Structures are given as structure tokens and as C-alpha cells.
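Structure record follows, encoded as C-alpha cells.
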Amino acid sequence: MKILAILVLPILVITLFSSCRSQKPLGYLEDFSDTSGKVHVKYPEPVIQKNDVLSIIVYSDAIDGGATDAMYNLANFGGGSSTSTQGFLVDYEGYIQYPRVGKVKAEGLTKPQLAEEIKKKVTGPLQNPSVLVRVINFKVTMLGEVSRAGPITLPSEKVTILEAIGLAGDVTVYGKKDDIVVLREVDGAVEHGKVDLTSKDVFDSPYYFLRQNDVVLVNPNKNKARLSDQVFNQRLGIAFSIINTIALLYNIFQ
């Protein structure tokens, strides 16, 4: 038993020290050293998807105080807090039902393209109409090693992956900034791409600007695995300590 006690103690010390080693966390844009240069990014106009809720407002040169325009707008789009909760739902076939116009194909169009389609249909009754289209339920979902995982509803359709990470409370110390995965639905299929937030190449990525319903996955780094190992080693160390104590007491009182 004395030999067992002598062997257990060194193993315990080595195990505890090895479990305390950690990986240095990576920062953002670590190779972005040129402070005087500019980076040009391209913003692709997002297309409208099924289940999008659209705010569509029509204005014209009518001289009747807006009464004619009101017939082509939802009742509460003139003001008030309810404008953010009511809109035109893009149905499962990709259409919206627009007042006095009927069904209009919206899925697959950009906002300017849909505005132009509606403008064509109301040009007869209205004088010089203008149409404004906005997505009012734009959201992305953050999963994995972020401080606040879950869906994020945004007031604007123009959001970068860096902004979304910030809204989710940043990547935790257990997340891999150089291995971010973005899931995106395109034409009924789900595509995925990887983004490295530690490199300036992120500005060239097609996933730098997020789209409606994107899912961002932040994978765990080695520190996460080491944390699990450390908890296990600590419990194992406690067990060894108990065994060691029992062995010493046995040698003393035998």
C-alpha cells in the first residue's frame, strides 16, 4: 500500500498541471495591419424569401390629402407603434396579397424590383407613385460559443457578421473565431460557408453581409475540450486523494 501511495501522488500532480494549460485566444482581424488603407466591401442586395413580412408604403402626387394613397396601404401604416408589427406576409407560394392589386410575386425579387412591380400596377389610378419596400422581420440566429445564443431580430436588412457577433455578446473564450460556419438557404437548398474573423479576408467573403434567416455557428476551440478534461481530471484527482488518504491511514493504523 505504501508503494501505491507513492505512485498515486506524482500522477495526481502531473494530471492537475497538464489540465491547466490553455490555448491563447485569437483576436479579430489579426493580419489587418494597414491603418491608413481602406477596404472596399460589396453589399449584395438581398432577395425576398417566403415568410418574410414586408412593409410596403405607396406615395403619389394625389391632391386629396393622401386619401387615394391610403387605399393602397395598410390602415395603420400612417404612423403609430403598430407599423412594426403589421405588414404583408410572403406566402408559401412566394406571393403577397396587395390592396386593390391582388397577388404579386415577391419571392426571389429584391426590394427595388418588387417596388417597381407594384408601381407598374398602381400607375394608372395614382399620379407619379413612389413605392417603399422594407423587410420588418429580418432575423439571424446565433448558435454555439457566443454569450447570448438564439435568434436576433434586426431593424435593418444590412448587417455584417461582425455586427451580429457583437449583438450576440461576442464570441466566448471557448469559441473559434477562425472557424465560423454560416448556414444559408438558397433556392430551397441549404448552403454553408466558413468565415475566419481573425483575417482581413473576411471582407471578401460572401458571408460577410448576412441575409435573412442565416444561421451562424461558432464552433468550440480546444479550450472547451480542455475544460471538460479539467473537470474530469479534478474529479479523478479527488478520487486519487481519497484513495491515497485511505492508504496512508491504513499504513498508520494497521
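The values are calculated or read from the model by the stated rules, or taken from the named source; none is laboratory data. Everything quoted here is computed from the prediction, not taken from an experiment. Here the Cβ is made from the backbone with ideal geometry for all residues, glycine too, and neighbour counts use every protein chain on show.
Which of the residues belonging to the stretch 173-218 are among the charged types (D, E, K, R) and more than 19 Å from I152 (Cβ to Cβ)? Working first, answer last.
Going residue by residue through the stretch 173-218, those that are among the charged types (D, E, K, R) are 176-179, 184-185, 187, 191, 194, 196, 200-201, 204, 211, 214.
Hits for the stretch 173-218 are K176, D178, D179, D187, E191, K194, D196, K200, D201, D204.
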Could you tell me whether the stretch 204-224 includes any residue that is under 27 Å from K42 (Cα atoms), under 35 Å from the mean Cα position of the chain (by Cα), part of a helix (DSSP H, G or I) and modelled with pLDDT of 70 or more? yes
Those residues of the stretch 86-126 which are within 13 Å of Y72 (Cβ to Cβ) and in a loop (DSSP other than H, G, I, E, B), in sequence order: P99, R100, V101, T123, G124, P125, L126
Per-region count, the stretch 189-204, residues free of Cβ contacts under 8 Å to residues at least 24 places away in the same chain and touching a helix residue (DSSP H, G or I) at 6+ places or on another chain (Cβ under 9 Å): 1
What do you reckon, is E107 modelled with pLDDT of 90 or more, buried (at least 16 other Cβ atoms within 10 Å of the Cβ) and not assigned by TED's automatic domain parsing to the domain that holds G193? yes
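Suppose the filter is acidic (D, E), within 30 Å of D196 (Cβ to Cβ) and modelled with pLDDT under 80; does D31 pass it?
Values: acidic (D, E): yes; within 30 Å of D196 (Cβ to Cβ): yes; modelled with pLDDT under 80: yes.
Yes, satisfied.
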Which of the residues that make up the stretch 190-211 are farther than 15 Å from Y28 by Cα and either among the β-branched types (V, I, T) or in contact with a Pro (Cβ under 6 Å, 6 or more places away or on another chain) (or both)? V190, R211
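Restricted to the stretch 57-75, and to residues that are charged (D, E, K, R) and surrounded by fewer than 16 Cβ atoms within 10 Å (Cβ to Cβ), which residue is modelled with the lowest pLDDT? It would help to see each step written out before you state the result.
First, the residues of the stretch 57-75 that are charged (D, E, K, R): 61, 64, 69.
Applying the additional criterion that residues be surrounded by fewer than 16 Cβ atoms within 10 Å (Cβ to Cβ) yields 61, 64.
Numbers: D61: 84, D64: 73.
Step by step, filter the stretch 57-75, then rank; the result is D64.
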